[in-house]
Structures are given as structure tokens and as C-alpha cells.
1. Does the range 213-241 hold any residues that are in a loop (DSSP other than H, G, I, E, B) and within 13 Å of the ligand (Cβ to nearest atom), and which are they?
2. What number of residues within the range 161-177 are open to solvent by less than 20 Å² (accessible area, probe 1.4 Å), in contact with a Phe, Trp or Tyr (Cβ under 9 Å, 6 or more places away or on another chain) and either in a helix (DSSP H, G or I) or of a type in the set (Asp, Glu) (or both)?
3. Consider ILE144 against the criteria (1) open to solvent by less than 80 Å² (accessible area, probe 1.4 Å); (2) in a strand (DSSP E or B); (3) hydrophobic (A, V, I, L, M, F, W, C); (4) closer than 30 Å to PHE37 by Cβ: it satisfies all of them except one. Which criterion is unmet?
4. Checking ASP343 against (1) surrounded by fewer than 19 Cβ atoms within 10 Å (Cβ to Cβ); (2) modelled with pLDDT under 95: exactly one of these is not met. Which one?
5. Report those strands (runs of 3 or more DSSP E) wholly inside the range 1-110 carrying at least 2 residues which are within 15 Å of the ligand (Cβ to nearest atom) and under 20 Å from ILE202 (Cα atoms).
6. Which of the helices (runs of 4 or more DSSP H) contained wholly in the range 276-393 include at least 2 residues that are charged (D, E, K, R)?
7. For the range 17-48, what are the residues that are open to solvent by 20 Å² or more (accessible area, probe 1.4 Å) and basic (Lys, Arg)?
8. Out of the residues in the range 178-192 meeting the condition of being within 15 Å of the ligand (Cβ to nearest atom) and β-branched (Val, Ile, Thr), tell me which one is surrounded by the fewest Cβ atoms within 10 Å (Cβ to Cβ).
Amino acid sequence: MHIRTRFAPSPTGFIHLGNLRSALYPWAFARHNKGDFILRIEDTDVERSTQEAVDVILEGMSWLGLDLDEGPIYQMQRIDRYREVIKQMLDSGLAYPCYMSEDELNRLRDQQMENKEKPRYNGLWRPEPGKTLPPIPQGINPVIRFKNPIGGSVIWNDAVKGQIEISNDELDDLVIARPDGTPTYNFCVVVDDLDMKITHVIRGDDHVNNTPRQINIMKALGGTPPVYAHLPTVLNDAGEKMSKRNGAMSVRDYQKAGYLPEAILNYLARLGWSHGDAEVFTKEQFVDWFDLESLGRSPAQHNPEKLLWLNHQYIQKSDPAQLALATKPFAHELGIDTENGPDFVQVVGLLKDRANTLIEIAEGSKLFYLPAPNLNADQIKENIPEVVIPALKDLVEAISLSEPSKAAYAAIFKEVLAKHQIKMPALAMPVRYALFATTQTPAIDSVLVVLGKEEVVSRLSKVIQ
Ligand code: GLU
């Protein structure tokens, strides 16, 4: 079987990180099986759909590297096709016009509620052999209803939830077209999944209730229902449904906060799927390992600390040149001119082991691009004790003659410390202060290499005269 999956977001409102998990899994399943992955934008809710939300989806997917084989396909551009299928269904008796007015429907519902019955359409306009339909009222545009099978049940083997059986008695005749002829949501999904030859529908479990209706329509249209895998919800760290109101962030927000796409992908992958106890893995490994059997059955909980930890792992593992490229925009944002000063790749290489985000790297890099400090006499007196001046002098002289390497500088420090019988902090702190007017810096020997011999010698010389 040639596997075809889809991500079918509705571009309404806010697209949070959890939403993109519904893109990641069908993408991974398609890639694992050398199948196709399709993006379908379900934009028939014209009032609530926005271009902004579409952009967030497209950007987010491209940032995470979820490449498409087909799409984006917009449902609004397929309206003619839906109308065509509705007409076919009317012609073949799979659907029928229903003239029940809004008022009548409401009255029916009230009555059913009063009788403690489940509110449902009563089939008044459903044609049956030998049945006489009411006279068609004037001035009412009918809705079109699907003739749901009577009796029996819909059974499917959900790849996550196991076998689900819903009695057809629970399902009334679904409206597939509104009075103005526009097709309804569940109907469009079916036509699309059939036309697009989708073999596996992997989506949020808020759609479980739609599935039996979709299966019935699909079968009526002569199609074979796909495999369904309904993913449990993603909860936020407080255990609530993720939403903007309770602080959920979009992929774009994470990008702006200095997260790496690899870390986000890895994180999302584990949010409801596992492979043994693997926590950090590459995209290739994820695709290689991905299967529907290992999807979790209970709601996944968003864990911001874990995401930050993962980001740190990826930053630490990153090649400094690539990381520098990714960090530059953040540095520029902070007003740092990365072209003017030490080699940015080296600076990033020095900072990456301790950073959790690209913003942290950018902030750390500031130190190296500020002008040399202009220390006054009091500052010097307070931070560079008189007694270390001879040691500093030896240090500067040795550095100026040394090759500019970390090992060479470390050796010089060792020698100077031994000669002057002082401990590392007694020398390193004044050096740091002389170089940057702060004692908070990364490892001193690395700092010297990155700042550059000339600059180091020049800055230190100013405090030992
Ligand atoms: N458009 C639906 C949503 O965003 C998904 C429909 C589906 O995957 O079948 O929730």
C-alpha cells in the first residue's frame, strides 16, 4: 500500500506548539513508509479563518522541516467539487433535502429534552419506500442531509484507542449542505480524504466523535475508510487543555525565544510517542523509529523545563559555525556588531556549552563586542590589588610572546601562579576585570583566545602601568 497522510489544520485562531504535533506524526509516518504527506487547509469557516494563522502553520512546518509532497490545498478552492458530490448524492438517493425550519428543529429538540431523549433529527424528510413526505413549504431553502444507515453500528480499529463501536442509532442524518448550499465540515473532510487517497488519518482525539459519521459517508460514496489514529490531547504544564489564554506559545514564539527547530521537533516527537527510553534523537532516527503502535494512549503534558533542557542539549551538540549563523540575528537584535570584534564563531563556540537558548548565547557574546573598558584609578585600585601587579606584568609579557592557543595560555597561567605563589582566582579575577570591567566571564584561557592576543595585551597593559 502506498501510504498517504495529511495534516488538516483549521487556520482559525491561535496555532500553538501542541497543534503542530498533529503535523509531525503524519509527516513522520509518511516519511517512514516512503509515502506522501499532504497539507490541507480547512478554511471553510470563512469568518474565523485568517491568513495570519495559515502563515504561522506554513512557517512553523517549514522551520521544523516538515516538507510536503502535496499542498497546501485550500478547501475553499474545492467548493465546486463538494457541490458536485452533493449533487451526485442527491441524484443517487444517498442524500435528501430537508425543509425543517430552524424553529421546528428547536421545538423538536425541546420536546426530546423534555422526554429525556437525546436530541436528534427525527427523519421527517427522509425518503423511504412507501413513505409520503410532507408538502414542500414555500420560501424555505432546504439543507441537504446524508441518509445515515439505520441499524447496525460503525466499527473501526483505532490505531491509538483500539476498537471503537458506535451504534448507528446514535447518529442522525447529518447535514452535509447548508440552506445556501455551502458544504459542512464533516462532509468536506470525507470528500477530501477520499479524493486525496488518504490511507491514514492521524489527528487529535477531539475528532473521535466525527469519525463514525465520516466513515458512513465514505462507505456510502464507495470508498474504503482509512486507518484512524486519534491522538490524545496535549495538556499544558498545569494539566489544562493548551490554549493561548493559559499561556501556550506558538512555534514562532519559540523561534523568537531562541529555540532550535531540532530541539522542538525532538520535544514534540516525545509528546505522545516513545521509542524505548530514547530522549534525544535526530530527525532521521525519529523517522526511522516512528510507528503508530508506540503512540501514547493518555494525554501528553507539556513540560517547558524539558524543552529547555533539550534545547540546551542541541545547542551543546551544534557545530559552532552553524550555531553562530542561527545566533547572529539575536545578537544583532541586541545591537551587537558581530562583524566588528572577535570571530563570532569562536565566541559562540565558547558560550554554547552553558547556554539554554540562542538568546543566552547572544547575551553572553555582548561582552566581547563592547569597547575596551575605560577604568578609572579607583576602579583599578579596588579590583586589581597592588600585590598582583608583578604577576600581571609577567603574564602580559609571556602572553605577548606566546602562540595564541588555549593550551599555551593555560601553561602561562600555571607558570606565573607558581612563580608568584598565588592561587588562580587571585590572578584570574583581576585579569577578567581588566579585560571587561566584570569578573563574570567564561573560562579565562578560552576568553583570552577569543578576545585575541593583541586586544588582551592592550587591555591588560593599561592597568599595570
Ligand atoms: N481541521 C481539523 C482541526 O484543525 C482537523 C480535521 C482532521 O484532521 O480531520 O482540528
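The values are calculated or read from the model by the stated rules, or taken from the named source; none is laboratory data. Being a predicted model, the structure only gives us computed values, none of them experimental. Note: ideal-geometry Cβ built from the backbone for every residue, glycine included; neighbour counts use all protein chains shown. Ligands, DNA and RNA are excluded from the accessible area calculation, which covers all protein heavy atoms including side chains. Shrake-Rupley method; radii C 1.70, N 1.55, O 1.52, S 1.80 Å.
1. Result: PRO225, PRO226, THR233.
2. Selection size over the range 161-177: 1.
3. Unmet for ILE144, out of (1) open to solvent by less than 80 Å² (accessible area, probe 1.4 Å); (2) in a strand (DSSP E or B); (3) hydrophobic (A, V, I, L, M, F, W, C); (4) closer than 30 Å to PHE37 by Cβ: (4).
4. (2)
5. The strands (runs of 3 or more DSSP E) meeting that bar are 4-7, 36-41, 70-74.
6. Hits in the range 276-393: 283-289, 304-317, 320-333, 358-369, 377-383.
7. Residues satisfying the conditions are ARG31, LYS34, ARG48.
8. Ranking the qualifying residues of the range 178-192, first place goes to THR184.
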